[in-house]
Amino acid sequence: MQTYDYLIVGAGFAGSVLAERLARGSGQSVLICDRREHIGGNAYDQTDAAGLLVHKYGPHIFHTNSREIFEYLSRFTAWRAYEHRVRASVDGKLFPVPINLDTINGIYDRNLSEAKAGEFLKTLAEPRATLRTSEDVVVSQVGRLLYEKFFRGYTCKQWGVDPSDLDAQVTARIPVRTNRDDRYFTDEFQWMPKYGYTSMFENMLDHSKIDIVLNADYRDVKKQVQYRELIYTGPIDDYFDLRYGKLPYRSLEFKHTTLDQEWFQPVAVVNYPNEFEFTRITEFKYLTGQQHARTSVVHEYPRAEGDPYYPIPRPANAAIYAKYRALAQNSPGVHFVGRLATYRYYNMDQVVGQALTLYKKLARTHNKTETSNGFDTEPDGTLGRRGMHHQPRKRPILQPARA
């Protein structure tokens, strides 16, 4: 029976970052396993039959204000600059999202300046003493009409509940602007991995102290190896066998289509808040920068059942999670990290940050050394960055589960 320092459950961002850091930064042996047939978690991308690079589980746009996180990931990928733009289909027209000056003028048939738009929104706003729900957040900023046209229908489809029954944190993430800035994000670092996310993960996990098992349930894997500590990135309720009941998640169904035309829509993502069963259409060539005579799009359909994607932020669910968190805190030798294991709606950079924070905590027990510029050293003293490849390369060797 082979022995590892760490068994890591889940080969997405949280698991892969920790596997890389533990192996390269601290010389620890790691077995990382995933129930899917690939590494990369929901960020996994692949080429379709036409040779177009697509995101299997919907669009993943990297953005962060953390230089530390950006520089860390830059060890494993080259980048291409990309600023994400979204439109919403409302009343047969496409409007910028987040709401900006052009959105306001278009919906209300005005020609407001930036200064006047701010004053105009104040006349529309419905003040709330306490911002308790997602509806409270939006109507307190932009009033009822913009809420109904851009937010309510989309949120109902996406989350399966009315915004008046959904925690304020969902729509608190969405800005409202009175200028013409139509970028979806305003972070300092907005880039896409030049050769795709899968290539980045392959580079990250390419280390002699990392073994990988795919298409495997961790419960089966843990019976066949020995390990000192466990890092778990899956659903926390599943780890504890649903002791306090199932934590609710929203799932998604993705319908990919390759079209015999060069472009399909004017921006990467178009939201459909009020009509159709799907919530949005993504055209991947905007994200990848790929030049191709054909194009590939994906329609997203929110579902109540399926793979867990989004923890549903409601007070009753938070109460259930608190019970599981108490169990986790009393599970020696087990570390819970990532969106599913902590029941939080994190962006990719936040998950990377959470994983790096956990690594720093674990590294205190590993006699880890660091160079003055912050790069971790290998046990032989060579820099961790050395030998990293920014070109697409073969997948790391996959170790089958041992019988």
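The values are calculated or read from the model by the stated rules, or taken from the named source; none is laboratory data. Since the structure is predicted, the reported quantities are computational estimates derived from the model, not experimental observations. Here Cβ is always computed from backbone atoms with ideal geometry, including for glycine, and neighbour counts include all displayed protein chains. Note: accessible area is taken over every heavy atom of the protein model, side chains too, but ligands, DNA and RNA are not part of it. Shrake-Rupley method; radii C 1.70, N 1.55, O 1.52, S 1.80 Å.
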>> Suppose we filter region 166-211 for residues that are more than 30 Å from residue 19 (Cβ to Cβ) and of a type in the set (Phe, Trp, Tyr); how many remain?
In response: 1
>> Could you check region 308-345 and list, in sequence order, the residues that are under 19 Å from residue 251 (Cβ atoms), open to solvent by less than 40 Å² (accessible area, probe 1.4 Å) and either free of Cβ contacts under 8 Å to residues at least 60 places away in the same chain or not small (Gly, Ala, Ser) (or both)?
In response: 308, 309, 310, 311, 312, 313, 317, 321, 340, 342, 343
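So which of 253, 262, 305, 275 is in a strand (DSSP E or B) and open to solvent by 30 Å² or more (accessible area, probe 1.4 Å)?
253
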>> I'd like to check something: does region 145-163 contain any residue that is part of a strand (DSSP E or B), closer than 30 Å to residue 309 by Cα and of a type outside the set (Asp, Glu)?
In response: no
> Would you say residue 94 is over 20 Å from the mean Cα position of the chain (by Cα), among the hydrophobic types (A, V, I, L, M, F, W, C), within 27 Å of residue 153 (Cβ to Cβ) and open to solvent by 30 Å² or more (accessible area, probe 1.4 Å)?
Replying inline: yes
> Which of (1) assigned to a loop (DSSP other than H, G, I, E, B); (2) over 30 Å from residue 199 (Cβ atoms); (3) hydrophobic (A, V, I, L, M, F, W, C); (4) at pLDDT 95 or above does residue 107 not meet, given it meets every other one?
Replying inline: (1)
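The rows are residues; the columns are (1) within 30 Å of residue 355 (Cα to Cα); (2) not in a loop (DSSP other than H, G, I, E, B).
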site: 49; (1), (2): no, no
site: 59; (1), (2): yes, no
site: 77; (1), (2): yes, no
site: 80; (1), (2): yes, yes
> What number of residues within region 125-158 satisfy the criterion of being surrounded by fewer than 20 Cβ atoms within 10 Å (Cβ to Cβ) and of a type in the set (A, V, I, L, M, F, W, C)?
Replying inline: 5
>> Could you check region 108-124 and list, in sequence order, the residues that are closer than 25 Å to residue 164 by Cα and open to solvent by 40 Å² or more (accessible area, probe 1.4 Å)?
In response: 108, 122, 123, 124
> Based on what the data block shows, is residue 19 buried (at least 21 other Cβ atoms within 10 Å of the Cβ), touching a residue at least 24 places away in the same chain (Cβ under 8 Å), among the small types (Gly, Ala, Ser) and assigned to a helix (DSSP H, G or I)?
Replying inline: yes
>> Yes or no: region 59-69 includes at least one residue that is open to solvent by 20 Å² or more (accessible area, probe 1.4 Å), of a type in the set (D, E, K, R) and under 23 Å from residue 310 (Cα atoms).
In response: no
